[in-house]
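In what follows, a structure is listed as C-alpha cells, so that the remarks can point back to it.
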Amino acid sequence: MPLRDVIARVADWHGITESELLQSNEHHIIHVRGELMWILRRRQFSYPKIGQIMNRHHTTIIKALRKFEEDPQRVTSARYTEKFSSYPDEDQL
C-alpha cells in the first residue's frame, strides 16, 4: 500500500483530513499524528524519513514518539488502528 494511502486511511479512521493530520496543532490531532508516527516507526521507517513525511525535524519525531509511548492507552489505540489495514515497510515505497 502506498504511503499516501496509509496517511489517508489513518486520517479517515479518525474523521480528519490528511492536511489536518500533517499540519494542524489541535490537541486531538496531535494524538492522531503520534499514532501515525508510531505505526510508521513499527514498520521500520527511520526517524529522518518520518520527519520528512511530516515536515518536521527527526529529533521532534523522537521526542513525540517517546511522549506517545508513555501513555499505554495511546499505544493500545495505535495497535487497534494498525490492525485495520496493512501498512508498507519503508523499502516498499
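Among the residues of region 32-53 satisfying the criterion of being surrounded by fewer than 16 Cβ atoms within 10 Å (Cβ to Cβ) and not basic (Lys, Arg), which is modelled with the lowest pLDDT? Checked region 32-53; the qualifying residue modelled with the lowest pLDDT is GLN44.
Report yes if some residue within region 71-86 is at pLDDT 90 or above, out of contact with any His (no Cβ under 9 Å at 6 or more places or on another chain), of a type outside the set (D, E, K, R) and surrounded by 16 or more Cβ atoms within 10 Å (Cβ to Cβ); otherwise report no. Before the answer, list the steps.
Residues of region 71-86 that are at pLDDT 90 or above, as a first pass: none.
For region 71-86, residues at pLDDT 90 or above, out of contact with any His (no Cβ under 9 Å at 6 or more places or on another chain), of a type outside the set (D, E, K, R) and surrounded by 16 or more Cβ atoms within 10 Å (Cβ to Cβ): absent.
The values are calculated or read from the model by the stated rules, or taken from the named source; none is laboratory data. It should be emphasised that the depicted structure is a prediction, and the values quoted were computed from it without experimental measurement. Note that each Cβ is placed from the backbone with ideal geometry, even for glycine, and that neighbours are counted across all protein chains shown.
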